[in-house]
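Working notes, beginning with the structure itself.
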Amino acid sequence: MKEKFLRFMQGRYGLDQFSKALLIGGLIVVLLSSFFAGGRAGSLFYLLGWILIIYCYFRIFSKNVSKRYAENQKYLAKTYKIRTYIQQQKNSLAQRKVYHIYKCPGGCKQKIRIPKGKGKIEIRCPKCGTTFIKKS
Ligand SMILES: [Zn+2]
């Protein structure tokens, strides 16, 4: 079965970031459509969602690898800002579990990262040298 699938996939493009986004987007739209079920918006959302999902599979099984690759590059370039923003948010969320982020009160607005759970500590701003005391 696996061999058959691999043979089938030979020369085909496969999954990339753009297809993943299409699939997730499609699933979300289909899910949303159930909130408007019965109405015209509902069937429109449902249809749109499936178009995205089918387009995703079309791209995965496509044999026009260079064209699919170019599409993905375009997608990546267009979403570069939003993707780095999301990544930054994820990183800062992860950091907030382990660190406190303080802004320097000295007016330089330097953000200073302090590990949590160390009690009251004196912090020295690495940028302007202001010292302040915070509970970590
Ligand atoms: Zn400072």
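The values are calculated or read from the model by the stated rules, or taken from the named source; none is laboratory data. Since the structure is predicted, the reported quantities are computational estimates derived from the model, not experimental observations. A quick note on method: Cβ atoms are made from the backbone with ideal geometry, for glycine too, and the neighbour counts reach across all protein chains shown. Note: accessible area is taken over every heavy atom of the protein model, side chains too, but ligands, DNA and RNA are not part of it. Shrake-Rupley method; radii C 1.70, N 1.55, O 1.52, S 1.80 Å.
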Quickly run through segment 109-125 and pick out the residues that are modelled with pLDDT of 90 or more, surrounded by 11 or more Cβ atoms within 10 Å (Cβ to Cβ) and more than 31 Å from the chain's Cα centre (by Cα).
-> I121, I123, R124, C125
Out of segment 101-120, which residues are of a type outside the set (A, V, I, L, M) and more than 9 Å from the ligand (Cβ to nearest atom)?
-> Y102, K111, R113, P115, K116, G117, K118, G119, K120
Every listed condition ((1) assigned to a helix (DSSP H, G or I); (2) of a type in the set (S, T, N, Q); (3) modelled with pLDDT of 95 or more) holds for N91 save (3)
Does E71 fit the bill of being away from the ligand (no atom under 16 Å from the Cβ) and among the acidic types (D, E)?
-> yes
Residues (part of a loop (DSSP other than H, G, I, E, B) and open to solvent by less than 40 Å² (accessible area, probe 1.4 Å)) located in segment 1-20 | G14, D16
